[in-house]
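Encoded as structure tokens, the structure appears first; notes follow it.
The values are calculated or read from the model by the stated rules, or taken from the named source; none is laboratory data. None of the values given here were measured: they were computed from a predicted structure. Note that we place each Cβ from the backbone using ideal geometry, even for glycine, and neighbour counts take in every protein chain shown. Only protein heavy atoms, including side chains, enter the accessible area calculation; ligands, DNA and RNA are left aside. Shrake-Rupley method; radii C 1.70, N 1.55, O 1.52, S 1.80 Å.
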Amino acid sequence: MQSSTSWWANRTRQFRAHLRASVRPQERLDLAAWTSPAQRHLFDTMHVADQRHGLDVVTSLRAQGVTEPEVLMAGLLHDAGKGDTGVWPRVAWTLGEQYGSWIWRVAGVMPGFRTALARLRDHAETSAALAAAAGCAPAHG
């Protein structure tokens, strides 16, 4: 089990990365070589932090020798279902995962948080549906 200090250090790093996230114009241009217009549109609807994370996942997969287009696409778009959810609902979600669902109930009274928390809860299924609608191969499993 991860120590509380380590958990907080990791979450602090994640928070900073979220706030500093960016995608370089060349990275967007490079997507044209292996994604369809619909897939790039879906990528463009994602929060920039999720775009950055998706690109980093693809880079990591490629560094491990992964070349299957379906796997790379899944890495790129796996968080598409989070939509434009901002940092504070994400903080509440993460705290709820660590300290209990009561945090989600309390945060849910904040304007916009109930919808954002539901998006985070359901993002895996939503991401898969959005990716399929954008022409990605369905998951096999």
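Figures for the structure shown
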read-out	value
Matching residues in the stretch 20-47 - criterion: being open to solvent by 50 Å² or more (accessible area, probe 1.4 Å), within 14 Å of the chain's Cα centre (by Cα) and touching a residue at least 24 places away in the same chain (Cβ under 8 Å)	Ser22, Thr45
Cβ-Cβ under 9 Å pairs, at least 6 apart or on other chains, the stretch 62-85 side over 30 Å from Thr115 (Cβ atoms), far side among the β-branched types (Val, Ile, Thr)	Val66/Val58; Leu72/Val57; Leu72/Val58; Leu72/Val66
Members of the stretch 97-109 that are open to solvent by less than 100 Å² (accessible area, probe 1.4 Å) and among the hydrophobic types (A, V, I, L, M, F, W, C)	Ile103, Trp104, Val106, Ala107
Whichever residue in the stretch 116-141 is open to solvent by 30 Å² or more (accessible area, probe 1.4 Å) and in contact with a Ser or Thr (Cβ under 9 Å, 6 or more places away or on another chain) and, among such residues, is farthest from Asp50 (Cα to Cα)	Gly135
Residues of the stretch 1-13 satisfying the condition of being surrounded by 10 or more Cβ atoms within 10 Å (Cβ to Cβ) and without any contact (Cβ under 8 Å) to a residue 12 or more places away in the chain	Gln2, Ser6, Trp8, Ala9, Asn10, Thr12, Arg13
Output for the stretch 15-64, where each listed residue is part of a helix (DSSP H, G or I), at pLDDT 95 or above and small (Gly, Ala, Ser)	Ala38, Ala49, Gly54, Ser60, Ala63
Checklist (1) modelled with pLDDT of 95 or more; (2) open to solvent by 30 Å² or more (accessible area, probe 1.4 Å); (3) under 13 Å from the mean Cα position of the chain (by Cα) applied to Asp84, failing item	(1)
Among (1) within 17 Å of the chain's Cα centre (by Cα); (2) under 18 Å from Leu130 (Cα atoms), the one test that Arg90 misses	(2)
